[in-house]
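The values are calculated or read from the model by the stated rules, or taken from the named source; none is laboratory data. This structure is a prediction, so every number in the text was calculated from the model and none was measured. Here the Cβ positions follow ideal geometry from the backbone for every residue, glycine too, while neighbour counts run over all protein chains shown. What goes into the accessible areas is simple: the full protein's heavy atoms, side chains included, and nothing from ligands, DNA or RNA. Shrake-Rupley method; radii C 1.70, N 1.55, O 1.52, S 1.80 Å.
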Amino acid sequence: MRRKPNSKHNTADHDPSTSNPDDEQNDSAKMLRSYLNKDFAQPKPSKSSFTETEDDDQPKVVKKDDPATRMRSFRTRTLSTIVLIGVFFFFLWAGHVPCLFLVLGLQILMVREAFELARRKDAERKLPGFRAQQWLFFFVATFYLYLRFINKNLLVELSTTRLMPKLFAWLLKRHMLICYSLYLAGFVMFVLSLKRGMYVYQFGQYAWTHMIILIVIMPTSFFVSNIFEGMIWYVLPSLLIIVNDITAYLAGFFFGRTPLIKLSPKKTWEGFIGGFVLTVTFSFFAAKFMSQFKWLTCPRRDLSLGRLHCPADPIFRERSWSLMEAAEELPGPLEEVLGLMQAALPRHLAQKISDVRFTAMPVQLHAMMFAIFASVIAPFGGFFASGFKRAFKMKDFGDTIPGHGGITDRFDCQVLMAMYAYIYYWNYVVKEEPMGVGEVLSSAVRLRDAEQLQLFLQLGNLLVQNGVLPGSVSGTLEELNNMTIHA
């Protein structure tokens, strides 16, 4: 039978060389809709749980599940929380470098969960090696960010032996070029792997990978910098997120009645306010307790695991404060607000407020700012994750942690806190950073060979003149100088 010109034909009879671009575009659009509307399995919500409706904007009372189910969930969640805190403190005890690998391990687990969300096994069977491309982009991003943060520590560590600088000097000098070359290699591999009929899926995965790097990897990598500036600037912000999560959960568990936000039905105003008060209170005393330990307060300038000794920084010393002095120490318009309040009050009352003084370490005041962020802003990372899960009709990002879901479910708020802690530290904590050995070495490796030798000889002569090196070294330095001149 003769086929009609406008009749639809099977894919098996379709000749790619005579394909209509409009047909291919329609097929791609169908694939995109199918991909975006992918049906993720989701357990049916309990009748007793709070569910959102578009027409209902009035606050509703959260109905509680049966006591046995709630208590079983509470026990599972509590046990998992204890294990997580135990693991966290073990890495804290182990040192700065193990904490770096802890951050890296958590990033790998979060990225793995995110990759699995958008994965289609039937599609990837037709694209061998495609998943490796995504992990290559992840590796390039972490390699670039981590080495940017620890390059000075790495230089100090490598310069202690003769062989290591020869092996890694080129790597440190050309770090950005190497990262860019690796990224271009991944980009070329992606373009060469494009396959007819899979374009939408492949470009969707490419965009998804870069979004994960931007939203997850880049912010959390800032914790690496905080670790080596003093463990307290990593531990305290992370711990405040954990404390706020626990206290808000407990306050909501026992007293929660009023829903906080539709994106996360189990969150309540009672839990939110209770978590805020308890977290800010905890931060004030936790900062004072942590300030006693050099292990937490001293910066690590190399990559060793030994003990740390450093002079006490003024930020960890107690002093007397007035309310206005405390407002000047902290960011934001606190000083202006307090001045306006005093101007509006009667003179005798304003004088009494000015006379109020208290004793605290500066780090305790900064810790309260971390706690406010952890209680008010960081939870929006969790709300963002809740909205994302609702959009894709799934309950959790994974099931790695019993009672909690996936790693991403537990560390979604840490993503915001990592960048905030880094920016806050460098803007309001560091007053004037003196140049250290790592900074000097970082500048020295960029010099030409002749300039590096000249620097070495002149520094040696200076140390001899100041009595740091014995006078017998002068002869050796002079011989090296003559050899350089004749060369």
> Across the stretch 236-281, what is the number of residues that are basic (Lys, Arg) and surrounded by 18 or more Cβ atoms within 10 Å (Cβ to Cβ)?
Replying inline: 2
> Of all residues in the stretch 407-429, how many are open to solvent by less than 20 Å² (accessible area, probe 1.4 Å) and free of Cβ contacts under 8 Å to residues at least 40 places away in the same chain?
Replying inline: 1
>> Criterion first (open to solvent by 50 Å² or more (accessible area, probe 1.4 Å), assigned to a helix (DSSP H, G or I) and farther than 29 Å from Arg300 by Cα) does Glu157 satisfy it?
In response: no
> Does at least one position in the stretch 338-357 carry a residue that is touching a Cys at 6+ places or on another chain (Cβ under 6 Å) and under 20 Å from Val280 (Cβ atoms)?
Replying inline: no
>> I'd like the residue in the stretch 129-148 that is more than 15 Å from the chain's Cα centre (by Cα) and among the polar types (S, T, N, Q) and, out of all such residues, is farthest from Asn226 (Cα to Cα).
In response: Gln133
> Out of curiosity, is Gln342 among the polar types (S, T, N, Q) and either modelled with pLDDT under 85 or touching a strand residue (DSSP E or B) at 6+ places or on another chain (Cβ under 7 Å) (or both)?
Replying inline: yes
> Looking at the stretch 156-168, is at least one residue modelled with pLDDT under 90 and aromatic (Phe, Trp, Tyr)?
Replying inline: yes
>> Among the numbered criteria (1) part of a helix (DSSP H, G or I); (2) at pLDDT 80 or above; (3) loosely packed, with under 15 Cβ neighbours inside 10 Å, which one does Gly475 miss?
In response: (2)
> Which ones in the stretch 116-140 are open to solvent by less than 20 Å² (accessible area, probe 1.4 Å) and assigned to a loop (DSSP other than H, G, I, E, B)?
Replying inline: Ala118, Leu127
>> Pull out all pairs, ordered by first then second residue, where Cβ-Cβ is under 8 Å, the residues are six or more apart or on different chains, the first lies in the stretch 275-292 and is under 14 Å from Met231 (Cα atoms), and the second is of a type in the set (Ser, Thr, Tyr) and buried (at least 20 other Cβ atoms within 10 Å of the Cβ).
In response: Met290/Thr297; Ser291/Thr297
>> Could you check the stretch 312-340 and list, in sequence order, the residues that are part of a helix (DSSP H, G or I) and free of Cβ contacts under 8 Å to residues at least 12 places away in the same chain?
In response: Glu325, Ala327, Glu328, Leu334, Glu335, Glu336, Val337, Leu340
>> So in the stretch 287-325, with the set limited to residues that are of a type in the set (Ser, Thr, Tyr) and touching a strand residue (DSSP E or B) at 6+ places or on another chain (Cβ under 8 Å), which one is modelled with the lowest pLDDT?
In response: Ser322
>> Can you pull out every residue in the stretch 446-455 that is without any contact (Cβ under 8 Å) to a residue 12 or more places away in the chain and loosely packed, with under 14 Cβ neighbours inside 10 Å?
In response: Leu447, Arg448, Asp449, Glu451, Gln452
> Which of the residues that make up the stretch 366-406 are free of Cβ contacts under 8 Å to residues at least 40 places away in the same chain, aliphatic (A, V, I, L, M) and surrounded by 15 or more Cβ atoms within 10 Å (Cβ to Cβ)?
Replying inline: Ala385
